[in-house]
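Taking it in order: structure first as structure tokens, then the write-up.
The values are calculated or read from the model by the stated rules, or taken from the named source; none is laboratory data. Small disclaimer: the values here were computed from a predicted structure and weren't measured. Because the Cβ atoms are built from the backbone with ideal geometry, glycine has one as well, and the counts that use them run over all protein chains shown. Ligands, DNA and RNA are stripped out before the accessible areas are found, and what is left, the full protein with its side chains, is counted by its heavy atoms. Shrake-Rupley method; radii C 1.70, N 1.55, O 1.52, S 1.80 Å.
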Amino acid sequence: MNNNFFKVAPEDEMEFMPIIPLNEGVDEDNGKEDVPDELPILPLRNTVLFPGVVIPITAGREKSIKAVNDAYKSHKLIGVVAQKDSNVEEPKAEDLASVGSIARIIKMIRMPDGGLTVIMQGKTRFEMGDVLSEDPYFRAKIKVLPDDEYQKDESFDAMVASIKDLADEIISLSPNVPSEANIILKNIENPSFLIHFISSNFNSNIADKQRLLEINDLKQRAELLLSLLQTELQYAELKNKVTTKTRAELDKQQKDYFLQQQLKAIREELGGENLEEVKELQHRAESKKWPKTAKEAFEKGIEKLERMHPSTPDYSLIYNHLDLMLDLPWDEVTKDEYDLKKAKKILDHDHYGMNEIKERLLEYLAVLKLKGDMKSPILCFVGPPGIGKTSLGRSIANAIGRKYVRVSLGGLHDESEIRGHRKTYIGAMPGRIIQSIRKAGSSNPVIILDEIDKVGSDFRGDPSSALLEVLDPEQNNAFYDNYLEIEYDLSKVLFITTANSLQEIQPALRDRLEIISLNGYATEEKIQIAKHHLVPKQKAAHGLDKPSFKISDKVLEKIIQDYTRESGVRELNRMLASIMRKLAKELLTKGKLKASLSLKDVEKYLGKPKYSNETYKMANMPGVAVGLAYTYVGGDILFIEATVVEEGKGELSLTGNLGNVMKESASTALSYLQANAKKYKIDPKVFAISKIHIHVPEGAVPKDGPSAGVTLMTALASAFTRKKVKPYLAMTGEITLRGQVLPVGGIKEKVLAAKRAGMREIILPVQNEKDVNEINPDFIKGIQFHYAKTMSQVLDLALAE
């Protein structure tokens with residue numbers, strides 16, 4: 001029932017309770033009154049007028065006021081029809097219902113605001129014919145539709161009685177409807193008017209009321225009304241149940257809490273307070289492409305969520321889990337672009353040199369294009385810092401048109417960072433791999449696992465062991481994340497790992513990687529990188545891209561050799577940035593810049609050279625040899641000093657923060673020299689009465705490895721024979737007790753380090769000759785290489801007469 005029992009509503013809203021005339025809607029002349037063939041038409045927005053029913057309306061639209069005024073001045077009859085869509089402000093003829101009621105205007109009241117309140121009574125139904133005019137108001141031809149005569153019928157009487165009982169129950173269940181409504185209903189005896197009155201009165205939509213009005217047969221109209229009232233009664237009973245439940249709690253709760261409790265009771269009847277959130281998740285799931293297992297898990301989660309109250313702790317946990325499932329791309333992938341020419345162009349643009357590496361990558365892409373899946377070894381770029389390992393991975397992603405995500409593994413200690421936390425923990429999150437997939441938005445991105453050699457392990461687990469599953473092509477198609485709790489297919493992901501040292505990677509993990517070594521840059525390569533990449537980048541970063549000035553190759557070479565000692569170009573980039581800052585300051589203070597940078601300007605801006613080759617001239621004395629080392633930052637040179645102290649007992653003292661392997665190499669060198677003393681013209685008795693001390697400078701830096709064996713041997717031989725080692729000579733190689741020279745690694749890095757340090761000759765094991773041949777001859781111009789099989793050959797080459 002409508003709650004606004006005696007409310008006079010504006011015509012735009014039409015929410016009201018019909019007024020009942022004492023004669024039950026049947027005038028003395030009802031049915032005999034002459035009705036013109038055409039009438040003014042009054043559209044109503046939110047109600048339907050039935051014959052016999054009296055309603056008050058407030059006409060607000062200009063057309064409506066004119067139509068009512070003209071009708072009132074003539075025969076006081078007007079055609080009332082309902083709008084099909086109440087939202088239409090200015091209805092056209094096609095927006096009006098075809099059947100309405102002819103109404104007699106009983107009274108008009110003019111309001112102070114210019115509006116017009118009209119009390120009118122429905123007389124009989126009519127069908128609207130041709131619309132004669134729409135301006136200043138609707139006027140149309142009409143055809144009266146008389147109701148069928150009421151005939152005595154027991155089934156019809158029973159139906160009318162049921163309608164009256166249902167209406168009585170609805171009124172009793174609606175606290176906002178006045179009790180007088182029951183009395184009015186009991187006193188209505190005319191079945192036709194009873195049906196019309198209740199049809200106007202009950203709380204239904206306009207479409208249902210219009211259907212009632214359009215039915216010619218009174219019995220059929222009663223049947224439809226009976227069905228609609230039964231639905232209305234069910235709604236009223238449910239509403240009363242909710243209200244009663246809420247009222248039972250009022251004694252315990254404060255008054256201002258009443259509305260919240262009522263809302264809670266309603267939500268409980270409908271399935272919880274989370275309907276909107278659940279519907280949103282279900283809507284997102286409709287268009288989701290995912291495997292059957294994920295879909296089933298999602299549906300189970302939704303069922304749990306619907307039964308939960310939002311205030312429960314598990315609600316947010318399940319909601320976040322379902323939200324993650326919807327965010328993951330599952331079967332969504334980006335289309336690969338395996339254009340090898342385009343890929344090569346992108347790689348050449350992003351990185352200078354590295355021809356062998358680029359060729360390897362292009363071959364890898366070609367295999368991927370032909371094979372069509374990712375069941376292939378995972379790439380691992382190994383090399384010193386600053387040479388472009390991480391950026392090379394980004395270039396690969398750009399080359400094949402895939403999304404790019406970088407995951408830094410440096411300092412990772414917790415296994416859950418890879419596999420995720422179990423949902424039962426507070427603040428649980430998925431692992432880094434699943435988070436990266438979520439961030440990428442596709443199931444086949446390029447994921448860079450940066451610094452894989454710096455993964456730690458402690459009581460929280462070993463992340464490198466968790467990575468075994470991720471980086472195994474035979475297992476990662478069913479990767480299990482503890483938070484997601486569903487297997488996820490990682491086989492489409494192109495994993496690229498980076499490391500500075502292979503020795504730090506767990507052997508089982510290293511076995512799963514396809515190692516690609518990236519060596520440091522030669523001076524010539526650094527000059528080209530600076531010219532084409534670093535200088536333009538720093539000019540733009542410091543606002544110097546417009547002023548025209550040049551930096552010659554000679555100037556770049558001086559910066560590289562005198563101010564940097566590195567395999568990569570990061571320190572060079574910082575030196576260039578320092579110069580750019582000085583130039584920017586000079587531009588603002590002096591208003592102009594020199595056309596080109598000179599060698600003197602470099603010292604002016606960067607200060608005195610940090611590195612110099614003069615050290616090696618000063619160190620030219622017996623017992624001192626120059627070795628080559630490979631560190632995590634690339635190649636480097638190191639001095640090895642040996643001295644023989646008289647009045648000893650043959651003991652060997654080692655200093656300089658040496659590792660076990662290097663100490664063993666020193667003992668091996670001394671034993672070999674002692675066993676072959678006569679061969680090298682050394683008195684064997686000296687070893688028993690002397691103290692031998694070996695020192696490697698830069699004692700704060702740990703040193704280890706077998707490649708210093710030949711250098712230790714040479715330093716000891718020089719100290720015992722009092723012969724100097726040739727100046728500007730460096731060497732590397734492992735030795736045995738038999739005096740054999742064994743091959744070592746990191747040759748390119750070591751040779752480039754020797755070149756940077758100004759060395760002119762290098763002694764290498766014979767088996768390392770192939771590594772030297774792989775180096776660009778332009779990068780090692782001016783260096784003479786000697787290849788040795790035995791220590792005798794090394795000493796013959798190294799010790800000057």
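Between SER192, SER155, SER172, SER162, the distinction of being open to solvent by 20 Å² or more (accessible area, probe 1.4 Å), assigned to a helix (DSSP H, G or I) and modelled with pLDDT under 80 belongs to SER172 only. Can you tell me which residues in segment 729-771 are in a helix (DSSP H, G or I) and open to solvent by 10 Å² or more (accessible area, probe 1.4 Å)? The answer is LYS748, LYS755, ARG756, VAL766, GLN767, GLU769, LYS770, ASP771. Filter segment 650-700 down to the residues that are over 20 Å from LEU737 (Cβ atoms) and of a type in the set (Asp, Glu), then identify the one that is least open to solvent (accessible area, probe 1.4 Å). In this case the residue turns out to be ASP683.
Could you list, ordered by first residue, the pairs with Cβ atoms under 7 Å in which the first is in segment 573-594 and touching a residue at least 40 places away in the same chain (Cβ under 8 Å) and under 25 Å from GLY386 (Cα atoms) and the second is of a type in the set (Gly, Ala, Ser) and surrounded by 15 or more Cβ atoms within 10 Å (Cβ to Cβ), at least 6 apart or interchain? Note: pairs meeting the criteria are LEU576/ALA530. Scanning segment 587-630 for residues that are of a type in the set (S, T, N, Q) and touching a strand residue (DSSP E or B) at 6+ places or on another chain (Cβ under 9 Å), which turns out modelled with the lowest pLDDT? Only one residue tops the list, namely THR615. Close Cβ contacts (under 6 Å, 6 or more residues apart or on different chains) running from residues in segment 636-658 that are farther than 12 Å from GLY623 by Cα to residues that are of a type in the set (Val, Ile, Thr) and part of a strand (DSSP E or B) comprise ILE637/VAL626; LEU652/ILE692; LEU654/ILE694. On the stretch given as segment 326-336, residues that are charged (D, E, K, R), part of a loop (DSSP other than H, G, I, E, B) and either open to solvent by less than 80 Å² (accessible area, probe 1.4 Å) or touching a Pro at 6+ places or on another chain (Cβ under 8 Å) (or both) total 3.
Residues that are open to solvent by 10 Å² or more (accessible area, probe 1.4 Å) and hydrophobic (A, V, I, L, M, F, W, C) were ranked within segment 702-724; the one that is nearest to the chain's Cα centre (by Cα) is ALA708.
Taking segment 56-85 as the range and being under 19 Å from SER98 (Cα atoms) and either without any contact (Cβ under 8 Å) to a residue 24 or more places away in the chain or among the acidic types (Asp, Glu) (or both) as the test, the residues that pass are LYS84, ASP85. Can you say whether ILE318 is farther than 27 Å from LEU409 by Cα, open to solvent by 20 Å² or more (accessible area, probe 1.4 Å) and at pLDDT 80 or above, as far as the supplied structure shows? Answer is yes for this residue. For beta carbons closer than 6 Å, sequence separation of 6+ or different chains, a first residue in segment 545-563 that is free of Cβ contacts under 8 Å to residues at least 12 places away in the same chain and a second that is open to solvent by 10 Å² or more (accessible area, probe 1.4 Å) and basic (Lys, Arg), the qualifying pairs are ASP545/LYS539. When ASP323 is tested against (1) open to solvent by 10 Å² or more (accessible area, probe 1.4 Å); (2) at pLDDT 85 or above; (3) part of a loop (DSSP other than H, G, I, E, B); (4) not basic (Lys, Arg), just one condition goes unmet, and that condition is (3). Name the residue that is farthest from LYS84 (Cα to Cα), counting only residues in segment 96-115 that are within 60 Å of the chain's Cα centre (by Cα) and of a type in the set (A, V, I, L, M, F, W, C). Here the residue is VAL99. Filtering segment 397-416 to residues that are at pLDDT below 85 and among the β-branched types (Val, Ile, Thr) leaves only ILE400.
Every listed requirement among (1) open to solvent by less than 40 Å² (accessible area, probe 1.4 Å); (2) among the β-branched types (Val, Ile, Thr); (3) within 17 Å of ALA428 (Cβ to Cβ) is met by THR312 save one, (1). When restricted to residues that are aliphatic (A, V, I, L, M) and modelled with pLDDT under 80, segment 337-379 contains 6. Is at least one residue of segment 432-453 surrounded by fewer than 22 Cβ atoms within 10 Å (Cβ to Cβ), touching a residue at least 12 places away in the same chain (Cβ under 8 Å) and within 22 Å of GLY568 (Cβ to Cβ)? Taking every residue of segment 432-453 in turn, at least one turns out to be surrounded by fewer than 22 Cβ atoms within 10 Å (Cβ to Cβ), touching a residue at least 12 places away in the same chain (Cβ under 8 Å) and within 22 Å of GLY568 (Cβ to Cβ). The residue of segment 595-607 that is surrounded by the fewest Cβ atoms within 10 Å (Cβ to Cβ), among those that are of a type in the set (A, V, I, L, M, F, W, C) and in contact with a helix residue (DSSP H, G or I) (Cβ under 9 Å, 6 or more places away or on another chain), is LEU599. Per the listing MET128, MET111, the residue uniquely crowded, with 17+ Cβ neighbours inside 10 Å, touching a Ser or Thr at 6+ places or on another chain (Cβ under 8 Å) and more than 17 Å from GLY52 (Cβ to Cβ) is MET128. Being modelled with pLDDT of 50 or more and of a type outside the set (A, V, I, L, M) is a property that LYS7 lacks.
Listed by first and then second residue, the pairs linking a residue in segment 209-224 that is more than 13 Å from SER155 (Cβ to Cβ) to a residue that is open to solvent by 20 Å² or more (accessible area, probe 1.4 Å) and of a type in the set (Val, Ile, Thr), with Cβ atoms under 7 Å apart and 6 or more places separating them unless they lie on different chains, are ARG221/ILE215; LEU224/ILE215. Within segment 511-538, the set of residues being under 20 Å from TYR630 (Cα atoms) and not aliphatic (A, V, I, L, M) comprises SER517, ASN519, GLY520, TYR521, THR523, GLU525, LYS526. Considering segment 772-798, the residues that are touching a strand residue (DSSP E or B) at 6+ places or on another chain (Cβ under 7 Å) and among the aromatic types (Phe, Trp, Tyr) include one that is most open to solvent (accessible area, probe 1.4 Å), namely TYR787. Apart from one condition, LYS186 fits all of (1) in contact with a strand residue (DSSP E or B) (Cβ under 6 Å, 6 or more places away or on another chain); (2) basic (Lys, Arg); (3) open to solvent by 80 Å² or more (accessible area, probe 1.4 Å); the exception is (1). Could you please give the count of residues in segment 291-312 that are modelled with pLDDT of 80 or more, assigned to a helix (DSSP H, G or I) and not basic (Lys, Arg)? So the count comes out to 10. Considering the conditions (1) within 28 Å of the chain's Cα centre (by Cα); (2) within 27 Å of ASN500 (Cα to Cα); (3) acidic (Asp, Glu), GLU303 is excluded by exactly one of them, (2). Taking segment 608-724 and the strands (runs of 3 or more DSSP E) fully enclosed by it, the elements with 1 or more residues that are under 25 Å from THR564 (Cα atoms) and β-branched (Val, Ile, Thr) are at 624-631, 634-646.
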